[in-house]
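Report on the structure given below.
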Amino acid sequence: MRQGRKSTGGIAVITGAASGFGLEVSRHAARRGLQVVMADVQADALDAARCEIEALGAEVLPFRLDVSKATEVEALAEATLARFGTPTFVFNNAGVAAGGLVWEASARDWEWVLGVNLMGVAHGVRVFTPPMLAAAARDPGWRGHIVNTASMAGLLCPPTMGLYSASKHAVVALTEALYHDLALVTERVHAHVLCPFYVPTRIDASARNRPAGLPAQAPTKSSAIAAAMLERAVTSGKVSAAEVAAKVFEAMDQNRFYIYSHPKALATVQTRFEDIMMVRNPSDPFGGRPELAADLRKQLCDG
């Protein structure tokens, strides 16, 4: 790969950059003086986002891609190195959501969600880590950060979210492995995992970007119920994407691995790990609100 010119402010590569966490992180990166590579699957939204970030004074390289495609992420790396140089910050953030009873997910559902949520992160790690390690080896003062977006669903297993949770659990595992692997070879490139809870982004409207080659099957009752639940939860979130973006930069500044939008939600994570350690069956995810479980069962079983 050809090395481009360096930036004194650093270089950020951000996937899913046209909305949600990606756009807010792009805004923060621009305000910090970074050159910004903005990658997204949605061309019109990417064009609008690029104009906004350029208006903040950043030099922007927009790049339309599907992160599930290895060759497209490889092309993103080539373009980044040629235009700006080695990134100091890679945000593997693009993601989609799908819900419903886990056995009702189609093969195409699995391919789509795992392709974006897991393989998109894997491709980003695969293509950007080597040049970052090389930059760190050349310059003792160089520092780099890789932040992968998982979810609180990557630490929990809520009902009707099995496919999504499986993809995000994998991202948590991949990123923890990356953290340990990097520690074996360098002190200058760091890994972080973002585990947000319900935040008003457009994750509930993921189907807008589903590829034509992986069409959705007719909605099942459970997938329709799960979609409605997700929309209510996401749109009612009180923590903003901008606040989460600020937490991402705080974590990099402090070299902190785990990044949470809702630290109070960790109580349910603790319960899950206590279940594992005590070899007891998984706790009721509805806890002290049995009426919610009763309502969900009624919706699933009626008719």
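The values are calculated or read from the model by the stated rules, or taken from the named source; none is laboratory data. Nothing here was measured: the structure is a model prediction, and the numbers come from that model. Reconstructed Cβ throughout: ideal geometry from the backbone, glycine too, with neighbour counts over all protein chains shown.
Since Val239 meets every condition but one in (1) touching a residue at least 40 places away in the same chain (Cβ under 8 Å); (2) among the aliphatic types (A, V, I, L, M); (3) in contact with an Asp or Glu (Cβ under 8 Å, 6 or more places away or on another chain), which condition does it not meet?
(3)
Working carefully through the options Glu78, Glu104, find the one that is acidic (Asp, Glu) and farther than 18 Å from Ala227 by Cα.
Values: Glu104 fails: farther than 18 Å from Ala227 by Cα.
Answer to the check: Glu78.
Which pairs have Cβ atoms under 6 Å, sit 6 or more apart or on different chains, and link a residue in segment 109-128 that is under 23 Å from Gln217 (Cα atoms) to one that is of a type in the set (D, E, K, R) and in a helix (DSSP H, G or I)?
Pairs found: none.
Could you please give the count of residues in segment 244-303 that are assigned to a loop (DSSP other than H, G, I, E, B) and either surrounded by 10 or more Cβ atoms within 10 Å (Cβ to Cβ) or of a type in the set (Ser, Thr, Tyr) (or both)? Write out each step before concluding.
Initial filter on segment 244-303 (assigned to a loop (DSSP other than H, G, I, E, B)): 255-257, 261-262, 278-289, 302-303.
With either surrounded by 10 or more Cβ atoms within 10 Å (Cβ to Cβ) or of a type in the set (Ser, Thr, Tyr) (or both) added as a condition, the list becomes 255-257, 261-262, 282-287, 289.
Result for segment 244-303: 12.
Here is a yes/no grid of residues against (1) over 14 Å from Pro131 (Cβ atoms); (2) at pLDDT 95 or above; (3) of a type in the set (Asp, Glu); (4) in a loop (DSSP other than H, G, I, E, B):
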position	(1), (2), (3), (4)
Met1	no, no, no, yes
Ile14	yes, yes, no, no
Phe21	yes, yes, no, no
Ala29	yes, yes, no, no
Met38	yes, yes, no, no
Asp44	yes, yes, yes, no
Phe63	yes, yes, no, no
Asp66	yes, yes, yes, yes
Thr71	yes, yes, no, no
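Could you list, in sequence order, all residues of segment 25-78 that are among the small types (Gly, Ala, Ser) and touching a strand residue (DSSP E or B) at 6+ places or on another chain (Cβ under 7 Å)?
So the first thing to find is which residues in segment 25-78 are among the small types (Gly, Ala, Ser), and the list is 26, 29-30, 33, 39, 43, 45, 48-49, 55, 57-58, 68, 70, 75, 77.
Once the filter is applied, which keeps residues that are among the small types (Gly, Ala, Ser) and touching a strand residue (DSSP E or B) at 6+ places or on another chain (Cβ under 7 Å), segment 25-78 yields Ser26, Ala29, Ala30, Ala39, Ala43, Ala49, Ala58.
Residue pairs, Cβ under 8 Å, 6 or more apart or interchain, first in segment 34-62 and crowded, with 20+ Cβ neighbours inside 10 Å, second modelled with pLDDT under 95 and part of a helix (DSSP H, G or I). List them.
Val41/Asn209
Here are Arg143, Arg138: which of them is under 20 Å from Phe89 (Cα atoms), free of Cβ contacts under 8 Å to residues at least 40 places away in the same chain and either in contact with a Lys or Arg (Cβ under 6 Å, 6 or more places away or on another chain) or not aliphatic (A, V, I, L, M) (or both)? Show your work before the answer.
Details: Arg143 fails: free of Cβ contacts under 8 Å to residues at least 40 places away in the same chain.
None of the other options fit; the residue is Arg138.
Check every one of the helices (runs of 4 or more DSSP H) wholly within segment 78-191 and list those with 1 or more residues that are of a type in the set (D, E, K, R) and more than 30 Å from Pro62 (Cβ to Cβ).
Details: elements: 107-114, 120-138, 162-185.
In segment 78-191, 162-185 are the helices (runs of 4 or more DSSP H) which contain 1 or more residues that are of a type in the set (D, E, K, R) and more than 30 Å from Pro62 (Cβ to Cβ).
If you scan segment 197-234, which residues turn out to be farther than 19 Å from Leu296 by Cα, more than 18 Å from the chain's Cα centre (by Cα) and exposed (fewer than 14 other Cβ atoms within 10 Å of the Cβ)?
Ala212, Gly213, Pro215, Ala216, Gln217, Ala218
I need the full set of residues from segment 163-191 which are surrounded by fewer than 20 Cβ atoms within 10 Å (Cβ to Cβ) and not aliphatic (A, V, I, L, M), in order please.
Within segment 163-191, His169, Glu176, Tyr179, His180, Asp181, Thr186, Glu187, Arg188 qualify.
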